[in-house]
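Q: Attaching a single structure in structure tokens format; questions to follow.
Nothing in this text is a laboratory measurement; each read-out follows from the coordinates by a stated rule. Keep in mind that this is a model prediction, so the values were computed, not measured. Heads up, the Cβs are rebuilt from the backbone with ideal geometry, glycines too, and the neighbour counts pull from every protein chain shown.
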Amino acid sequence: MLQKFFILCSGADANILKECSLGERNKYAGIGATVFFTAVMAFIASSYALFTVFDNVYTAVFFGLVWGLLIFNLDRFIVSTIKKRDKFGSELIQATPRIILAIIIAIVISKPLEMKIFEKEINQVLLEQKNELTLANKDQIALQYNPALETLNKDILSLKNEISAKEAQTNALYNIYISEAEGIAGTKLLGKGPVYKEKRDKHDAALTELAQLKTTNAAKITVIENQITDLNTQYSKSVTDSQPIIDGFDGLMARITALDKLPWLPSFFIFLLFLAIETSPIIAKLLAPKGEYDFKLEEQESIVKSWITQKVKQRELLISTDEALNTKIHDEIKEEEAVYAYKKKKTEELLKLQAEAFHSLQVKNL
């Protein structure tokens, strides 16, 4: 039962193989088994690859099954259409397009399994890339907010500098009236005279202005700080909103790109393994000598070809014979007087009818 199934997978004619030896049947069963297990590997590989895209098991399995059946049909077609010839060169030329197709299929099959085998290494590469993208994303978003933040910080610094300048001015007035009272500067008269009072009033007025300025600027600084807080909140929200996109940067193309950053030698050997699996039925058929099955198949094809050629020749001969007979018959008819007289009589009757019809039409028009 298993042998029949694998012979079916090989694309060979089961009726012809029934008449062949056990070794010949085993050979084609082995080729069919290779075709079948290649399709199974294609199903597994494509299901994993599609799972990374759809993130749904049932969808990945369904489309993976479709892809596996497609690969199975292609491999079966490739193997079944390679016919053994008397010269290896003609067989190789015949198999070359199929080998190229097998290489393409091997690449398609091996790449998803490589991603599964090197999944941990790929995840490490993706993590590094995500960290780089996160930092770059923060810097890029910051470019939208930094100019406004810098302007607001400059405004706060300007308001604080204004307070500092007013404080310096007030402290200077304080030193002046104290020096006047102590007789160190100004009139250099010890005591609190009119000059002292005048300078003290200036200081008190400046102190009042300083208090008012501190209150006003503190309110302005609070407003500006609230604006800075809002901008920082917006910046944090923008970073948070864009982070899921970066976290989701682990699709099929991202993993293939990450795989390319790993050392190429292990991936190359895995590709060679699948290439060997994919091309093994073709190589086996090319290297195997002509067997009993090939001779019987060639005999059947020769019988069909001879029968078709015979039918074509018979049709051509029938057509040429029919043409010759028709020509001979018509030539003999030309020479018979009775036919000539009958043809002449009917032609005269037709001409008379035409003349009468023409005459009637002319009379009617008059």
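Q: Would you calculate the separation in nanometres between label points at GLN94 and ALA148, each defined as 7 Å from the Cα along the Cα-to-beta-carbon direction?
A: Here the modelled spin labels are 7.5 nm apart.
Q: For the chain, what does -39500 (n - 2.57) per DSSP helix run (n ≥ 4), summed and divided by total residues, give at 222 nm, in deg cm²/dmol to the nearest 500?
A: That calculation yields -32000 deg cm²/dmol at 222 nm.
Q: With a 10 Å cut-off between alpha carbons and a GNM built on the chain, which of ASN137, ASN123, ASN217 moves the most?
A: ASN217
Q: If we sort 28-38, 155-165 on the protection proxy, mean other Cβ atoms within 10 Å, highest first, what's the order? Provide the component values of the computation, followed by the final result.
A: On the way: 28-38: 22.0, 155-165: 13.6.
Per-residue Cβ counts within 10 Å, averaged per peptide and sorted highest first, yield 28-38, 155-165.
Q: On a full-extension model of 0.36 nm per residue, what is the gain between GLU299 and LEU2, subtracting their alpha-carbon distance, rounded to one decimal in nm?
A: 104.1 nm
Q: How much length would be gained if the chain were fully extended between SER306 and LEU361, taking 0.36 nm per residue of separation minus their Cα-Cα distance, in nm to one decimal?
A: Separation in residues times 0.36 nm, less the Cα-Cα distance, equals 13.0 nm.
Q: For each pair in LYS18/LYS285; LYS4/LYS290; LYS138/LYS166, compute the distance between the two Cα atoms and list the pairs where it is over 31 Å.
A: Going by Cα-Cα distance, LYS138/LYS166 fall outside the 31 Å limit.
Q: Another one. Extending each Cα 7 Å along its Cβ direction at ALA205 and LEU70, get the distance between those two points in nm, one decimal.
A: 9.2 nm
Q: If you scale each eigenvalue of the Cα gyration tensor by 5 and take the root, what three semi-axes come out for the chain, rounded to whole angstrom and sorted largest first?
A: Its equivalent ellipsoid spans semi-axes of 103, 46, 15 Å.
Q: Another question, if that's okay. Report the residues of region 252-268 in range of a label on ASN56: point 7 Å along Cα→C-beta, backbone N strictly under 18 Å from it.
A: So the set is 252.
Q: Moving on. Enter the angle in degrees (range 0 to 90, nearest 10) between the Cα long axis of helix 337-365 and the first principal axis of the Cα atoms of the chain, meaning the one along which they spread out most.
A: With rounding to tens, the tilt is 50 degrees.
Q: Using r as the Cβ-Cβ distance of ALA168 and ASN226, and R0 as 35 Å, what FRET efficiency do you calculate, to the nearest 0.05?
A: The value I calculate is 0.80.
Q: Now for a separate question. Work the Kirkwood hydrodynamic radius out for region 83-182: mean of 1/r over every pair of different alpha-carbon atoms, inverted, in Å. Each step should come with its number before you reach the end.
A: On the way: mean 1/r = 0.0450 Å⁻¹.
Mean inverse Cα-Cα distance, inverted, gives 22.2 Å.
Q: Can I ask one more? Just to be sure I understand: with springs between alpha-carbon atoms less than 10 Å apart, which residue in PHE249, PHE295, PHE63 has the highest mean-square fluctuation in the Gaussian network model of the chain?
A: Per the Cα network of the chain with a 10 Å cutoff, PHE295 tops the list.
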